[in-house]
Amino acid sequence: AIYSGLACWLASRVRAGAPVKIFIFSVIWSGVEVARGHLFTGFPWNLAGYSFGFSDAGLQLASLIGVYGLTWFAVLLGASFAAFGQKRGVLFIAIVWSIFAVGMGWGEWRLHQADQTPENERYVPGVTLRLVQANIAQPHKWDPKLQMEGLREHVRLTESPGLDKVTHIIWPETAVPYAIEAGSPLVRQLGGSIPEGKILITGALRINPVSRTSGCTGSGERDPAQSPCDSQDVRIWNSMVALRHDGTIAGSYDKARLVPFGEFLPFRSLLPKAWLTPVGDTDFSRGPGVQTLEFPGLPPISPLICYEVIFPESVADPQHRPQLLLNITNDAWFGMSSGPYQHFEMSRMRAAEQGIPLVRVANTGISAIVDSYGRVVASLKLGTQGVLDGKLPRAQNVYTTYSKCNNMIMLILISMALLLIINERKRQKN
């Protein structure tokens, strides 16, 4: 609310005619949203630009200007009617909405061109995914009496009919509610639950005890709410791990964007009782950040855990372009509310911005396969249990304008707004 109030206060300081002031207001609003997405770890949730997800054609504009650019355009469209009755107001409204119509037409044309690609060239050959959505309620995930039952439920769903045609099984964030440790009995059992030649990709915890007492070692299978050893420092990561049939770890990724008060406690010494997760006195450690990894049998992937997918600048390494955005998340926190739908729409826009397909696996939903234009190929509904088998769409052959220029459009818009403000002040003085 502070950010929204700041945008309105700044706009109220501008003295200009309606069309100019509306343009400046839309730039200020989107500029403040950029700040919201970066300051204090950032939280760019539910920006106005996501409203363009109402149609696949509207979503294509994200490939040009990204969600912050779309936020500017959405605010400009809505605020344009304030110019009605003002000098040149009708002309201004007509121009703004004509640009919108042209943009929608371009989006339809882009999708039509994409559909001309032969069917056998739209998907990655030799890859069939199984997305497992176990629909485990949040109170059950960390209940010591129910944790193992939840893990068995994931295994049971994995073994559903059709597994022989699947190459990769994907479980959601913290589907394994225990710590993953190479060579542990748990890892060997998980590997043994999948057929030979297949890969299991799952969310799990990684715990690295740093002993302060000789001979003190941690168990990789203890409840994360308990310290593995009394006299040691413990580092914990929220991770994505790829396992082979023989129980060996084929690759892993550690979450870098941590949730304040959920995965780490800001100002811990001042707020010792404000912890919201079962980890207790230990903050999660940060991973290295956005990277492109090679998991067996898959094209290069950009792994994203939970809300890492809502940060548009941090989903793909521009120097080592991935061919898949792989997002695992929980979302049981939200229950049956608008939250999971919002999270899914934000994830979908990343695919359209980057021109890279997105595979999303959520504990309670919405799990989906999304193509490189942001279109939903297949999905599992919120609050349902099941598996989704599907082919992996190909990434676009070329970089999108947004993936090359990032938020350059915002710098241009802010520069234009500043020039207009300076010009208006000079004109008023004269």
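Computed from backbone phi with θ = phi - 60° and the Karplus coefficients 6.51, -1.76 and 1.60, the 3J(HN,Hα) list for region 379-391 is 7, 10, 5, 4, x, 10, 10, x, 10, 10, 9, x, 7 Hz; x is used for glycine and proline. Applying the Karplus relation 6.51 cos²θ - 1.76 cosθ + 1.60 with θ = phi - 60° to region 74-90 yields 3J(HN,Hα) values of 5, 5, 4, 4, x, 7, 4, 5, 5, 7, 4, x, 8, 4, 6, x, 5 Hz, where x marks Gly and Pro.
In this structure the amide hydrogen of T128, modeled in the peptide plane, comes within under 5 Å of the amide hydrogens of T167, H168, none closer than 5 places in sequence on its chain.
Quick check on region 18-117: take the gyration tensor over C-alpha atoms, sort the square-rooted eigenvalues as a ≥ b ≥ c, and tell me if it's rounded (a/c under 1.5), prolate or oblate. Mind dumping the intermediate values first?
Numbers: a/c = 3.02, a/b = 1.11, b/c = 2.73.
Note, shape of region 18-117 comes out oblate.
Karplus-based coupling profile of region 102-115, in residue order and whole Hz: 4, x, 5, x, 5, x, 4, 5, 4, 5, 4, 5, 5, 6, with θ = phi - 60° in 6.51 cos²θ - 1.76 cosθ + 1.60 and x standing for Gly or Pro.
For R394, nonlocal amide neighbours, meaning residues 5 or more places apart or on other chains whose placed amide H falls under 5 Å from its own, are Y123, V124.
Give me the percent of DSSP beta bridges within the chain that run antiparallel, rounded to the nearest 5. Don't skip to the end; give the middle numbers.
Numbers: 32 of 51 bridges.
Roughly 65 percent of the beta bridges in the chain run antiparallel, per DSSP.
Length gained on full extension, I414 to F261, computed as 0.36 nm times the residue gap minus the Cα-Cα distance: 51.8 nm. When the listed pairs K198/K381; K255/K381; K141/K404; K87/K404; K21/K255; K145/K381 are checked against a 30 Å cut-off, the alpha-carbon distance exceeds it for K141/K404; K87/K404; K21/K255.
In the Gaussian network model of the chain, springs joining C-alpha atoms below 10 Å, which of R375, R36, R348 carries the largest mean-square fluctuation? With Cα springs under 10 Å in the chain, the top fluctuation among R375, R36, R348 is at R36.
Subtracting the Cα-Cα distance of Q189 and D233 from their residue separation scaled by 0.36 nm leaves 13.0 nm.
Report the calculated FRET efficiency for T41 and W106 (r = Cβ-Cβ distance, R0 = 30 Å), to the nearest 0.05.
Numbers: r = 35 Å, r/R0 = 1.18.
Efficiency at R0 = 30 Å is approximately 0.25.
Could you sort S12, S302 by their accessible area in this structure, using a 1.4 Å probe and putting the largest first? Walk me through the intermediate numbers first.
Numbers: S12 55, S302 0 Å².
The residues order as S12, S302, largest area first.
Between A1 and C405, the FRET efficiency estimated from the beta carbon spacing at R0 = 30 angstrom works out to 0.45.
For A378, the amide hydrogen comes within under 5 Å of the amide hydrogens of I369, counting only partners 5 or more places away or on other chains and with H modelled in the peptide plane. Between D283 and Q113, the modelled label-to-label distance comes to 4.7 nm, taking each label 7 Å out from Cα in the direction of the beta carbon.
Computed with a 1.4 Å probe over protein heavy atoms only, the accessible surface of the chain comes to 45 Å² per residue. Using only alpha-carbon positions in region 303-430, the gyration tensor eigenvalues give semi-axes of 36, 19, 11 Å once each is multiplied by 5 and square-rooted (largest first). When R13, R257, R360 are compared by accessible surface with a 1.4 Å probe, the order from highest to lowest is R13, R257, R360.
Ignoring ligands, DNA and RNA, please state the percent of accessible area on the chain from carbon and sulfur, probe 1.4 Å. Mind dumping the intermediate values first?
Numbers: 11500 of 19560 Å².
Using a 1.4 Å probe with all protein chains present, the chain comes out at 59 percent carbon and sulfur.
Protection proxy ranking for 198-207, 363-372, using the average of other Cβ atoms within 10 Å per residue and placing the highest first: 363-372, 198-207. Working from label points 7 Å from Cα in the Cα-to-Cβ sense, the Y341 to W9 distance is 3.4 nm.
The values are calculated or read from the model by the stated rules, or taken from the named source; none is laboratory data. Every value quoted in this text rests on a predicted model; they were computed, and no experiment measured them. Glycine also receives a Cβ, built like all others from the backbone with ideal geometry; neighbour counts cover every protein chain displayed. For accessibility, only protein heavy atoms count, side chains too; no ligands or nucleic acids. Shrake-Rupley method; radii C 1.70, N 1.55, O 1.52, S 1.80 Å.
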